[in-house]
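Peer 1: My structure is below; once you've seen it, I'll send some questions.
The values are calculated or read from the model by the stated rules, or taken from the named source; none is laboratory data. This one's a predicted model, so the numbers in the text were calculated from it and none came from an experiment. When we count neighbours, we look across all protein chains shown, and the Cβ atoms used for this are built from the backbone with ideal geometry, even at glycine.
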Number of protein chains: 4
Amino acid sequence: MVSFESDYIAGAHPKVLDALVRTNLEALPGYGSDCYCKSAADKIRIATGDKDADVFFLVGGTQTNSVIITSYLHEYDGVIAATTGHVALHEAGAIEGTGHKVLAIDCDSDENYGKIKASTLRQYLEDFYNDGNHEHMVAPGMVYISHPTEYGTLYTKNELTAISGICREYGIPLFLDGARLGYGLMSHDTDVTLEDIDRLTDVFYIGGTKVGALCGEAVVFPRIKTPESSVSDTKSKSHPAGFNPEFIWHAGEPSHFVTTSKRHGALLAKGRLLGVQFDTLFTDDLYFEISKHAIDMAERMIQIFHDKNMRFFLESPTNQQFIILSHEENELLKDKIAYSFWQKFDEDHIVVRFATSWSTTDADMEALEKAL
Amino acid sequence: MVSFESDYIAGAHPKVLDALVRTNLEALPGYGSDCYCKSAADKIRIATGDKDADVFFLVGGTQTNSVIITSYLHEYDGVIAATTGHVALHEAGAIEGTGHKVLAIDCDSDENYGKIKASTLRQYLEDFYNDGNHEHMVAPGMVYISHPTEYGTLYTKNELTAISGICREYGIPLFLDGARLGYGLMSHDTDVTLEDIDRLTDVFYIGGTKVGALCGEAVVFPRIKTPESSVSDTKSKSHPAGFNPEFIWHAGEPSHFVTTSKRHGALLAKGRLLGVQFDTLFTDDLYFEISKHAIDMAERMIQIFHDKNMRFFLESPTNQQFIILSHEENELLKDKIAYSFWQKFDEDHIVVRFATSWSTTDADMEALEKAL
Amino acid sequence: MVSFESDYIAGAHPKVLDALVRTNLEALPGYGSDCYCKSAADKIRIATGDKDADVFFLVGGTQTNSVIITSYLHEYDGVIAATTGHVALHEAGAIEGTGHKVLAIDCDSDENYGKIKASTLRQYLEDFYNDGNHEHMVAPGMVYISHPTEYGTLYTKNELTAISGICREYGIPLFLDGARLGYGLMSHDTDVTLEDIDRLTDVFYIGGTKVGALCGEAVVFPRIKTPESSVSDTKSKSHPAGFNPEFIWHAGEPSHFVTTSKRHGALLAKGRLLGVQFDTLFTDDLYFEISKHAIDMAERMIQIFHDKNMRFFLESPTNQQFIILSHEENELLKDKIAYSFWQKFDEDHIVVRFATSWSTTDADMEALEKAL
Amino acid sequence: MVSFESDYIAGAHPKVLDALVRTNLEALPGYGSDCYCKSAADKIRIATGDKDADVFFLVGGTQTNSVIITSYLHEYDGVIAATTGHVALHEAGAIEGTGHKVLAIDCDSDENYGKIKASTLRQYLEDFYNDGNHEHMVAPGMVYISHPTEYGTLYTKNELTAISGICREYGIPLFLDGARLGYGLMSHDTDVTLEDIDRLTDVFYIGGTKVGALCGEAVVFPRIKTPESSVSDTKSKSHPAGFNPEFIWHAGEPSHFVTTSKRHGALLAKGRLLGVQFDTLFTDDLYFEISKHAIDMAERMIQIFHDKNMRFFLESPTNQQFIILSHEENELLKDKIAYSFWQKFDEDHIVVRFATSWSTTDADMEALEKAL
């Protein structure tokens, strides 16, 4: 049965697997110190336009989220996330496991599903510092956003700039979860580039697991200094005792990030497994090319859904599409094609998700059309 | 340059990589629910002779140690380990990161390097419960041993039986870290079988990363009940309020272990990556066969070292050999052949480690002989 | 200026202080092993009608909440609480600091402010176990309620019985935070007794800090077995592998609770400070008598507010009253009498809190009447 | 029976209790914002000669140790302590409970029992940074010393200066646990003053529980800048990326320390209980006067032990004396006078501790003399 269940149903892109086979018997040092990790990091520095960026490779998304978040937060801090954010809902308490509260704030409906609005974020921060009891509450120490979000939606450059500005005004780092970053960057409906993300965030990762790799996420600590990234000399709002602009980058200090990763069981002995994969993905724009393919397939999927008069819960600009089915429609469809249950819609309907990926084929599309 | 730096210098055994290539484009469900994980678990159940054992696949050693240990310990417990144990020394505080103290006890010298003696363990437990202040101290809630140890040494069946008996007497689980288990089982100098380990421990893992896989460790929760594994009706020494023999197995309840793994960032989206590898390793005894090869190479290495009158720090029965070099000898040798610094021996000498593995070749051996 | 700012504005009830003075130079053993702790525990066992209950004394509310909650939860569990619950909002992330998520569920408006509805709880648990992704989510491992709540409201016996029944059906413990328990028990508008709480919960505490002590909370682990407290032989809903009715009481095993307390810095060297205070509070019903006084004062306060046509946000049946003031009214009143800001009501109004306590006097009431 | 079991067998010094009685019914704000906490902090600033020091009040020793240590450490850091240090041995894993390893280093025998030698500390730090695997190990992020130590011994000014210098050279904070600080400062055999401690450490606390209070420890974050406390412009050894001398003081930023305390259940609602006690202890040198009394009693006790030919394990310059008894001697003595078992000496002997305190009387001494 043809499957649109997720964007991690297949193994690795054949070129990635070829590279693993080709380099398999080379004797290489461990823990990310091999030549492929170095080469992959160099290529990512070029792709982000940030020649001094620090780049590390971790294994999976939840792991990467918790290692990054705990690297940045002080003991007394929590991380702001949308209520629908992966860290808030579907990571089995990984963030709390590191001792930190996820400060969930409502994300808005319709086309903004899954996104944090700049105005909501500003209101949250203002309310927090105006609350006479805030010393008895968890301090907001980081902002977590996903791009694309868990609902496939994207921030515009204006939205991202506004959120970034608020974070810098308050002296708290902005972390962008890019588990599906390729599908966001290659969307037909985005003005956000990889360079923008490097410039506007304090740390982000480029997802491999869902975009062509067997596993792996590339963590980037931007080092570029632009007018937007500088904090004024005046004291920041959240650090009345004086804010050190260097401080929010301290987590990226190489040896400490390796140690933090090790401590969280996230440091692979055969780091080559990640280096070889990302080195291949960032050679000849493979990462972008295969992401574009998934977007093309998603566009075709949207067209098919429209043609078949399916009811959209959310028509996303990336590789995930959310459709409303009645229980009867679901019963008829579920044995013909694989998709995933997303959430209850009302007593009679559910929301289901169809995902394309780099591995989706024309034949899959034809099977989908036929099944509906 | 030929390398004996570690047993994780190469990628995967070619048959393992072939299987990944062969299954690459199959659409499979995520998080370990695929058919290869199921098949691999079945084969491991056969190999252990424990048809009801629960089997899970995690990514790496430090991760596996911390997920298992934290699964078993109560809030107020620590884990007993040798001072040289991996969890005590080289995991960047991963265990403490889960809130638990590593209760390091001295391991003995010479041929017992890296091992916990049953008599030392018993003394520790007796002293603890006799200490009038023990309510103000960290309770011993698990015993961690590695087999082979970090120094390549092995427990005998008698030693393992004695330690297991003490653990069951005190009602605390015994965890065996088998990161290099294949090399222990295939040693020419062991009477311990996989069935013994299943019968005598409460949880253990079969290392893949160092024995033929790109990554991956197979966690086994034994379910077999033998006279040795039953706890007497009388109350256990550490649980005066009454000991529930079922209790020490609770961590293995499948859905909870998955959740705990997820929480620690240890649940791979593409669980197939682990399933396919272990399914291959446990087909036609590949795991044992390639382990035996490493032992054969180690035997030959020992012979070469003897022939060349090298000075052994420890002549281990498994795949790691520890040699004492003067600084001058080290300077001469280090550009001819790769090995790893282990520790200082005295002002003029250091201990270095040479490791063989499934990937060591006859050509490597000839190069070694020539280099010395 | 007369103050209704909180119920902890004064020191200890004079009889409590007298007892501290009287026993001051007696040489007593430490850590709660003194005769006053024993005597206080005996008196609390009589007051709860549970002769086998385990009783411990801790210092303050947040500390007690986190020690109890972490004692019960498994690594992968979270604790359900109302969004307004103290553990969810005003404990600076103490629960997350122990690695556990607070699973906040909406509490209902009006007279139910601050309370969890049984139907909401049941829906939450059903939804959780029906969610196909629940293995990737934090498991509900305990229910936390406060009685009185943070808004001074009370559960009825029927409501408490319903919540208790759901907890036992699902095999998860029920914890009642009684920081202001005396004021709840002595309310004119309650049918819940101390015996009921002992019978219907798995652990609760009797607050001292806000009811006559300098500091201190008495933790009670009920041991009474009634038809309501027995779990049926069939497997519980949350533990498909088999539920051990003893299990949810394991945290109360004396030596372990002492160790857990020590580990959280909650074990007082001079345990006598807590023992002497609770021994006095539970002699001749002092705890109940002084609680009744606070309720009488609160009733009189309500009457004054009605007479003065104050606008109630919440007219609670306990010692805290919530009044809506316009900014202008607040400006006029705040220099005449002390109360505390609670929350914003709308652009023009705020909610403020007036608390009575054991130390409130007739003169305070007259001053209040005059100030309004 | 007369007791020398510990220095916390009695309640509070009568003047401290008087002050609690005198201020009992004053209406005061909570959480340490009352006038007595402010006054006590002012008096402590005068006593330390550090007019800008930040001063906070917590409840007990283990709590204070864990709140301070976790405030300073990064995620990946551990704290260096002597193997006999309270945090290493008798706090039930409180430090590990905050996620950090205690890096225990051997303390030296004889008169140095319980102390860290500067040379041992320097060797530890050098070995750590020279170890090629140190990125896989827990980084030393703080040094913890107690003064007096758990064995009643004291650092000299030279020793303290040497340790302080090493800490500043490596850019790691020095924390001095002063649970019995008064007894150290008033020893006849010390050249270390409170001003020295303020100048040479980065944080310390002045113990109240064991020196005249019912409970309470005063935490001091020194702010004084002296030649010794300045870090050179060159990069520190442990922070190659650049060391910010302000950084090691960040934990003292008032609002964050309050939040961290709250988070650890260490913020007392009735902060007055601590403020009133320390305000009294630091009025008219009461703290020093009553400490001196305990030292005078200890000197007399030492004389009695010498006169009676008791065998010293350790003749300490402070209020704790350690005596070796044969099992027979112990049997004869233990019903005549109370002391505490300390540790096993050999098969036939044990070490016991006799403690004096502010509450020891001449009559106690006469009883001791008579009992021996």
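Peer 1: Does A:Val276 count as touching a residue at least 12 places away in the same chain (Cβ under 8 Å), among the β-branched types (Val, Ile, Thr) and in contact with a Ser or Thr (Cβ under 8 Å, 6 or more places away or on another chain)?
Peer 2: It is true that A:Val276 is touching a residue at least 12 places away in the same chain (Cβ under 8 Å), among the β-branched types (Val, Ile, Thr) and in contact with a Ser or Thr (Cβ under 8 Å, 6 or more places away or on another chain).
Peer 1: Select from segment B:34-54 the residues that are within 14 Å of another protein chain (Cβ to nearest Cβ) and modelled with pLDDT under 95 and write down the one among them that is surrounded by the fewest Cβ atoms within 10 Å (Cβ to Cβ).
Peer 2: It comes out as B:Asp52.
Peer 1: Still on this structure, I have one more. Look at B:Asp7 and say whether it is over 30 Å from B:Tyr339 (Cβ atoms) and either more than 8 Å from every other protein chain (Cβ to nearest Cβ) or not in a loop (DSSP other than H, G, I, E, B) (or both).
Peer 2: no
Peer 1: What is the one condition in (1) without any contact (Cβ under 8 Å) to a residue 12 or more places away in the chain; (2) in contact with a strand residue (DSSP E or B) (Cβ under 8 Å, 6 or more places away or on another chain); (3) more than 10 Å from every other protein chain (Cβ to nearest Cβ) that A:Ile80 does not satisfy?
Peer 2: The number of the failed condition is (1).
Peer 1: Continuing with this model, one more query. Can you say whether B:Gly182 is over 14 Å from B:Ala81 (Cα atoms), touching a Phe, Trp or Tyr at 6+ places or on another chain (Cβ under 6 Å) and assigned by TED's automatic domain parsing to the domain that holds B:Ala81, as far as the supplied structure shows?
Peer 2: Yes: the conditions hold for B:Gly182.
Peer 1: Has segment A:323-341 got any residue that is among the hydrophobic types (A, V, I, L, M, F, W, C), assigned by TED's automatic domain parsing to the domain that holds A:Phe56 and farther than 27 Å from C:His136 by Cβ?
Peer 2: Checked segment A:323-341: no residue is among the hydrophobic types (A, V, I, L, M, F, W, C), assigned by TED's automatic domain parsing to the domain that holds A:Phe56 and farther than 27 Å from C:His136 by Cβ.
Peer 1: So, one more: What tally of residues in segment C:56-76 results from selecting those that are in contact with a Lys or Arg (Cβ under 8 Å, 6 or more places away or on another chain) and modelled with pLDDT under 95?
Peer 2: 2
Peer 1: Out of the strands (runs of 3 or more DSSP E) lying entirely within segment C:171-275, which hold 1 or more residues that are surrounded by 24 or more Cβ atoms within 10 Å (Cβ to Cβ), touching a His at 6+ places or on another chain (Cβ under 6 Å) and modelled with pLDDT of 90 or more?
Peer 2: Counting at least 1 such residues, we get C:174-177.
Peer 1: From the list B:Leu154, B:Leu174, B:Leu103, B:Leu125, which residue is without any contact (Cβ under 8 Å) to a residue 40 or more places away in the chain, in contact with a Lys or Arg (Cβ under 9 Å, 6 or more places away or on another chain) and under 22 Å from B:Asn65 (Cβ atoms)?
Peer 2: B:Leu174
Peer 1: Could you please find all residues in segment A:55-75 being within 19 Å of A:Leu274 (Cα to Cα) and either within 9 Å of chain B (Cβ to nearest Cβ) or small (Gly, Ala, Ser) (or both)?
Peer 2: Selection gives A:Leu58, A:Val59, A:Gly60, A:Gly61, A:Thr62, A:Gln63, A:Thr64, A:Asn65, A:Ser66, A:Val67.
Peer 1: If you scan segment A:253-304, which residues turn out to be of a type in the set (A, V, I, L, M) and over 30 Å from B:Ser66 (Cα atoms)?
Peer 2: The answer is A:Leu281, A:Leu286, A:Ile290, A:Ala294, A:Ile295, A:Met297, A:Ala298, A:Met301, A:Ile302, A:Ile304.
Peer 1: For the list (1) out of contact with any Phe, Trp or Tyr (no Cβ under 6 Å at 6 or more places or on another chain); (2) within 14 Å of chain D (Cβ to nearest Cβ), I need the number of the one condition that C:Tyr287 fails.
Peer 2: Every condition holds for C:Tyr287 apart from (2).
Peer 1: Would a scan of segment D:70-77 turn up a residue that is among the hydrophobic types (A, V, I, L, M, F, W, C) and closer than 30 Å to C:Tyr31 by Cα?
Peer 2: Yes, the conditions are met somewhere in segment D:70-77.
Peer 1: Whether any residue in segment C:36-50 is polar (S, T, N, Q) and touching a Ser or Thr at 6+ places or on another chain (Cβ under 6 Å) is what I want to check.
Peer 2: Checked segment C:36-50: no residue is polar (S, T, N, Q) and touching a Ser or Thr at 6+ places or on another chain (Cβ under 6 Å).
Peer 1: Further question on the same structure: Identify, please: which residue in segment D:83-101 is touching a strand residue (DSSP E or B) at 6+ places or on another chain (Cβ under 8 Å) and part of a helix (DSSP H, G or I) and is, among those, nearest to the other protein chains (Cβ to nearest Cβ)?
Peer 2: If we take residues in segment D:83-101 being touching a strand residue (DSSP E or B) at 6+ places or on another chain (Cβ under 8 Å) and part of a helix (DSSP H, G or I), then D:Glu96 is nearest to the other protein chains (Cβ to nearest Cβ).
Peer 1: Inside segment D:176-217, can you point out the residues that are in contact with a Cys (Cβ under 9 Å, 6 or more places away or on another chain) and within 14 Å of chain C (Cβ to nearest Cβ)?
Peer 2: D:Gly208, D:Thr209, D:Cys215
Peer 1: Hey, among the residues in segment C:10-23 that are part of a loop (DSSP other than H, G, I, E, B) and at the interface with chain D (Cβ under 7 Å from one of its Cβ atoms), which one's surrounded by the fewest Cβ atoms within 10 Å (Cβ to Cβ)?
Peer 2: Here the answer is C:Ala10.
Peer 1: Still on this structure: Return the total of residues in segment A:59-77 being among the hydrophobic types (A, V, I, L, M, F, W, C), farther than 15 Å from C:Glu96 by Cβ and part of a loop (DSSP other than H, G, I, E, B).
Peer 2: 1
Peer 1: Hey, any hits in segment A:144-159 for a residue that's on the phi > 0 side of the Ramachandran plot and touching a Gly at 6+ places or on another chain (Cβ under 9 Å)?
Peer 2: yes
Peer 1: On to the next question. Collect the residues in segment C:104-140 that are surrounded by fewer than 23 Cβ atoms within 10 Å (Cβ to Cβ), over 19 Å from A:Gln343 (Cα atoms) and within 14 Å of chain A (Cβ to nearest Cβ), keeping them in residue-number order.
Peer 2: Of everything in segment C:104-140, those that are surrounded by fewer than 23 Cβ atoms within 10 Å (Cβ to Cβ), over 19 Å from A:Gln343 (Cα atoms) and within 14 Å of chain A (Cβ to nearest Cβ) turn out to be C:Ala104, C:Asp106.
Peer 1: Can you pull out the residues in segment D:161-171 that are touching a helix residue (DSSP H, G or I) at 6+ places or on another chain (Cβ under 8 Å), among the hydrophobic types (A, V, I, L, M, F, W, C) and within 19 Å of D:Ile69 (Cα to Cα)?
Peer 2: D:Ile163, D:Ile166
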